[in-house]
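Visitor: Supplied in structure tokens, the structure appears directly below.
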Amino acid sequence: MSDGIQDPTLALYSTLKYAYDFFNRELFENQLKNGVITFHRQRKVMGYASHRRWKNRDGAYVDEIAINPEYFEDYPLVEICQTLCHEMVHLWQAHHGKPGRRGYHNTEWAEKMQAIGLMPSSTGQPGGDRTGEQMMDYVIADGPFVLACQILLDKGYDFPWFDCFPVIRKKLPVYSYKLDSTPIELTEKLKPKRVVSRPLTIDSPEIGTSFLIENSEITDLTAPNQDNLVFHSTRSPSSSGRVKYTCKVCQTNVWGKPGLNIGCLDCNSKLFLSE
């Protein structure tokens, strides 16, 4: 019986596959093969790539890329696309290069990232290491990635469904950086808005891990570029019976019984259940 809504499974997965095919064509010259493009909910991980994760009865193997939908609602779409392309570079290297041991992001990986318009950085900003165990990236101004993303967003690309328990963070401008590290604030459609002297950032400890597990194990884990996060959870309350609520704006925390409908009077913002 139809309720007038397009099948959510088909809508979500076809949207993710569309982006994969688009970037494969625009940034990788269609060098990447079809594999399993799926979702995951591993805490503090935006995405991962896994080489030869799936096989069929005939003995054929394909790769997997998984993206965390808990970031779709509150993170800029460009960062979801960055995560997808970051993982696509890992799969490109698995088939056309020499990956580092145990998920190490080596020089070959870093050079391919830069070639598609994403600069590797251990901090997610200029000045970070270009190689290492845990690696993020930032957008290179006028690079192939941001130009491709502009086309994608101009087509109206977006996800049709969003997780009811998203990862929340403070709203920040989106930046690209020139090769001399000059930051450029971008519009919602990723067009240059203005050159800034110093980008607005959130200072907080680094989160996330990145490691390699070969053949039917996780190849790479990508952590978010900005780390002041509130992780909403569907887990059961603690043994004390209290749960944690967090203000989305000022990050103030309050503990209380499950099911409270409370807000922050300073920010005029509802408090959300968090971990």
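The values are calculated or read from the model by the stated rules, or taken from the named source; none is laboratory data. Since we're looking at a predicted model, the values are computed, not measured. We place every Cβ from the backbone using ideal geometry, glycine too, and count neighbours over all the protein chains shown.
The rows are residues; the columns are (1) closer than 30 Å to THR252 by Cβ; (2) out of contact with any strand residue (DSSP E or B) (no Cβ under 7 Å at 6 or more places or on another chain).
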| position | (1), (2) |
| --- | --- |
| GLY132 | no, no |
| MET135 | no, no |
| ASP142 | no, yes |
| PRO160 | no, yes |
| TYR175 | yes, no |
| SER181 | no, yes |
| ILE184 | no, no |
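Visitor: Of these, ILE116, ILE168, which one is buried (at least 16 other Cβ atoms within 10 Å of the Cβ) and either over 19 Å from the mean Cα position of the chain (by Cα) or over 30 Å from CYS247 (Cβ atoms) (or both)? Give the derivation first.
Guide: Numbers: ILE168 fails: either over 19 Å from the mean Cα position of the chain (by Cα) or over 30 Å from CYS247 (Cβ atoms) (or both).
Of the residues listed, the single one that is buried (at least 16 other Cβ atoms within 10 Å of the Cβ) and either over 19 Å from the mean Cα position of the chain (by Cα) or over 30 Å from CYS247 (Cβ atoms) (or both) is ILE116.
Visitor: Still on this structure: I'm trying to understand the selection: among the residues of region 9-38, which are more than 26 Å from ASP163 (Cβ to Cβ) and assigned to a helix (DSSP H, G or I)?
Guide: Residues satisfying the conditions are ARG25, GLU26, LEU27, PHE28.
Visitor: A follow-up question, please. Going by what's in this entry, would ASP154 be described as assigned by TED's automatic domain parsing to the domain that holds PHE22, under 28 Å from PRO99 (Cα atoms) and either loosely packed, with under 15 Cβ neighbours inside 10 Å or modelled with pLDDT of 95 or more (or both)? Reasoning before the result, please.
Guide: On the way: assigned by TED's automatic domain parsing to the domain that holds PHE22: yes; under 28 Å from PRO99 (Cα atoms): no; either loosely packed, with under 15 Cβ neighbours inside 10 Å or modelled with pLDDT of 95 or more (or both): yes.
The answer is no for ASP154.
Visitor: Can you tell me which residues in region 176-196 are over 21 Å from the mean Cα position of the chain (by Cα), touching a residue at least 12 places away in the same chain (Cβ under 8 Å) and loosely packed, with under 13 Cβ neighbours inside 10 Å?
Guide: Within region 176-196, LEU179, SER181, VAL195 qualify.
Visitor: Does LEU147 meet the test of being in contact with a Lys or Arg (Cβ under 8 Å, 6 or more places away or on another chain), farther than 16 Å from LEU200 by Cβ, at pLDDT 95 or above and in the same structural domain as VAL78 (by TED's automatic domain parsing)?
Guide: On the way: in contact with a Lys or Arg (Cβ under 8 Å, 6 or more places away or on another chain): no; farther than 16 Å from LEU200 by Cβ: yes; at pLDDT 95 or above: yes; in the same structural domain as VAL78 (by TED's automatic domain parsing): yes.
Spelling it out, it is not the case that LEU147 is in contact with a Lys or Arg (Cβ under 8 Å, 6 or more places away or on another chain), farther than 16 Å from LEU200 by Cβ, at pLDDT 95 or above and in the same structural domain as VAL78 (by TED's automatic domain parsing).
Visitor: Since HIS86 meets every condition but one in (1) touching a strand residue (DSSP E or B) at 6+ places or on another chain (Cβ under 7 Å); (2) surrounded by fewer than 15 Cβ atoms within 10 Å (Cβ to Cβ); (3) not charged (D, E, K, R), which condition does it not meet?
Guide: All conditions pass for HIS86, except number (2).
Visitor: Just checking: which of the strands (runs of 3 or more DSSP E) contained wholly in region 47-122 hold 1 or more residues that are among the acidic types (Asp, Glu)?
Guide: Hits in region 47-122: 61-67.
Visitor: Right, something else. Mind listing whichever residues of region 183-196 are touching a Ser or Thr at 6+ places or on another chain (Cβ under 9 Å) and either more than 17 Å from VAL78 (Cα to Cα) or modelled with pLDDT under 90 (or both)? Walk me through how you get there before you give the answer.
Guide: First, the residues of region 183-196 that are touching a Ser or Thr at 6+ places or on another chain (Cβ under 9 Å): 183-186, 190, 192-193, 195-196.
Once the filter is applied, which keeps residues that are touching a Ser or Thr at 6+ places or on another chain (Cβ under 9 Å) and either more than 17 Å from VAL78 (Cα to Cα) or modelled with pLDDT under 90 (or both), region 183-196 yields VAL195, VAL196.
Visitor: On to the next question. Could you grab me the full set of residues in region 127-166 that are in contact with a Pro (Cβ under 6 Å, 6 or more places away or on another chain) and in a loop (DSSP other than H, G, I, E, B)? Full working, then the answer.
Guide: Of the residues in region 127-166, the ones in contact with a Pro (Cβ under 6 Å, 6 or more places away or on another chain) are 130, 135, 137, 161, 163.
Residues satisfying the conditions are ARG130, MET135, TRP161, ASP163.
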